[in-house]
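Below is one structure, written out as structure tokens, with a few remarks after it.
The values are calculated or read from the model by the stated rules, or taken from the named source; none is laboratory data. Fair warning: this is a prediction, and the values are worked out from it, not measured in the lab. Here the Cβ positions follow ideal geometry from the backbone for every residue, glycine too, while neighbour counts run over all protein chains shown. These area figures cover heavy atoms from the full protein model, side chains too; ligands, DNA and RNA do not enter into them. Shrake-Rupley method; radii C 1.70, N 1.55, O 1.52, S 1.80 Å.
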Amino acid sequence: MTPPNTPALLRALRFFRAHFIAIAILSALIVVPCFWHRHLEAGDLPSHTYNAGLAQLIQQGRAPGLYLVSRWNNVLFDFGLLYFAKLFGFVAGPKIVVAICVLLFFWGVFSFLTVLSERGPWLLVPCIAMLTYGFTFNMGFFNYYLSIAFACFGLALLWKPEAWDWLAALPLFALATLAHPAGALWLAAMIAYVFVRRKFTSPLAFAIPAAAIAIFAVVHWYLVHLAEFEVSWPDKPFYFFNGFDQLLLYRPRYGLVAYSLLAIFLTWIASEFAQRRVRLTLSSSFLLSAELYIVAFCATSLLPQDARILASAAWIGLLVSRLTAISAIFGLGLLSCLAPRKWILFATLACAVFFFAFLFVDTAALNRLESHAESIISALPAGARVIPTIESSPDSRIPFIQHVVDRACIARCFTYSNYEPSSGQFRVHVRSGSAIAVASAPDSEEMEAGNYVVQPTDPPLVNIYQCDPADFTVLCMRNLKPGETTGSPDAEN
């Protein structure tokens, strides 16, 4: 038994030594989806990879009109991508750095659940694995993904901290901030919340979550009635964003997995209450986890999906869809506090088999799409400017499949509609008049949407679009002329 005042890092080291073989096997298994296809498909990942290639060209002085800026957030993944791409190339490099991100996220969540429930959540490993490859991963939001991973490690350190734990958590907070501000804010807010919450031993403790929900309600009212900037609200009902939505990806069939898990978990919780195995004291981890889940669910119900502070700026998008990853972590925290049941492992493992089988098939199709993009681009002259207008199926929640063209363009052509430089939210920036990337964020959005009208001042542009209604992976190209829109010819006609 480890003494209660043992620093968290020492407890973690002892846990690692005791379970080294299981940790090694799980780590090897959890990264398999990063390597099972020629290209790793994950929404924005090809765009990040392409912009890492642009960063290399900028450093070499071969990208006129583009430049790099120093940033304190939203850059950690891009630094890693650039470094590994230099070492291993643009095919293997992204797979390696994403595999590292996957391990950090998986073991970060595992660590947080361990300190929350005071035992290793081995029965929930299939669920943690599915969340690891859920919506946030498949959208390619890897800076946010890394930020949440480091925040989970920080929470594991500071859940019941000793003096040295605070010092050890500082690098984690710094890394979370460098990746994305959301994780750093979540870590700071959670530590403050739990610190205040533990001060109460009476029913007054419930005033804490009530106050947190009230704050989000005030923010909602302000955004609806007083905000002078643009916001858009989710197009699905509030109860959709409950954490299980992280498992709903490319096709409706993922709902089979999500709703099967929901039924399994409700059955598990009901049986524990029926047998009176759940302790609902104010200090119990189960009650605290349930409380945190409710606060997170209310937050996602009250916040906007997208926001744009300035009309000329890029949208800050998919806030609610990102935040449900935190709801899912709290939901798993609640389950980790229940008495272990072997049937839970087998039931969730069966769900995981279906989930990863679906994911393999859908990402294989995206690999075919990228192969077609590479084939088309190989026929273009070096340095051609392209605008992809490629759409996912209407029932997919992963819309950013057009970025496979970005990655296919590395060292061959330039994606003129590239959104990162004009957004001002990343390291690569663009000057007005650049022939490599459009300088206006709204124009970039219109180009990708197929609504942009080509101007005489634009460089020669090539549109890459889907041309087979029966197979979304088949692509064609055409030269755009002034006055034409960037959408497919069928859309114009």
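Within the stretch 424-493, the proportion of C-alpha pairs whose separation exceeds 18 Å stands at 43%. Between rounded, prolate and oblate, where does the stretch 94-166 land on the alpha carbon gyration tensor, with a ≥ b ≥ c its root eigenvalues, rounded for a/c under 1.5, else prolate if a/b exceeds b/c? Verdict is oblate for the stretch 94-166. Computed across the stretch 116-242, the Kirkwood hydrodynamic radius from all distinct Cα-Cα pairs reaches 17.3 Å. Per-residue packing, averaged as other Cβ atoms within 10 Å, sorts the ranges 416-423, 381-388 into the order 416-423, 381-388, beginning with the highest. With contacts taken as Cα pairs under 8 Å at a separation of at least 6 residues, the stretch 374-417 carries a relative contact order of 53 percent. Summary value for the stretch 337-493: 23 percent relative contact order, contacts being C-alpha pairs under 8 angstrom separated by 6+ residues. When the helices of the chain are scored as -39500 (n - 2.57) per DSSP H run of n ≥ 4 and the total is divided over every residue, the value at 222 nm lands at -18500 deg cm²/dmol. Judged by the ratio a/c of the largest to the smallest principal axis of the C-alpha gyration tensor, the stretch 180-332 counts as oblate, that ratio being 1.5 or greater while a/b is no larger than b/c.
Report note on the peptides 225-238, 399-412, 83-96: ranked by the mean count of other C-beta atoms within 10 Å, highest first, their order is 399-412, 83-96, 225-238.
Heavy atoms of the protein chains alone define the surface here; on that basis the stretch 419-493 has 47 Å² accessible area per residue at 1.4 Å probe size. For the stretch 373-493, the antiparallel share of DSSP beta bridges with both residues in that region comes to about 45%.
Extension gain, residue 253-residue 478: 0.36 nm per intervening residue step, less the Cα-Cα distance, totals 77.5 nm.
Based on C-alpha pairs under 8 angstrom that are at least 6 apart in sequence, the chain has a relative contact order of 18 percent. If only the Cβ of Lys and Arg carry +1 and only the Cβ of Asp and Glu carry -1, the dipole of the chain around its Cα centre is close to 1980 debye. For the stretch 27-152, compute Rh as the Kirkwood radius over C-alpha pairs and then the Stokes-Einstein diffusion coefficient at 10 °C and 1.306 mPa s; write the answer in µm²/s, rounded to an integer. After rounding, the answer is 102 µm²/s. Here the calculated FRET efficiency for residue 163 and residue 194, from their Cβ-Cβ distance with R0 = 30 Å, stands at 0.95, rounded to the nearest 0.05. Translational diffusion of the stretch 199-252, estimated by Stokes-Einstein from the Kirkwood radius over alpha carbon pairs at 20 °C in a medium of 1.002 mPa s, is 148 µm² per second. Taking only protein heavy atoms and a 1.4 Å probe, the accessible area of the chain is 67% carbon and sulfur.
An ellipsoid equivalent to the stretch 294-356, defined through the eigenvalues of its Cα gyration tensor, has semi-axes of 35, 15, 6 Å when rounded to whole angstrom and sorted largest first. Size estimate for the stretch 337-452 follows the Kirkwood approach: the inverse of mean 1/r over distinct Cα pairs works out to 16.9 Å. Using only the Cα atoms of the stretch 274-417, build the gyration tensor, take square roots of its eigenvalues as a ≥ b ≥ c, and label the shape rounded, prolate or oblate: rounded if a/c is under 1.5, else prolate if a/b is larger than b/c, else oblate. Verdict is oblate for the stretch 274-417.
Solvent-accessible area per residue in the stretch 181-225 equals 59 Å², computed with a 1.4 angstrom probe and all protein chains kept.
Summarising the strand pairing of the chain, around 65 percent of its internal DSSP beta bridges are antiparallel.
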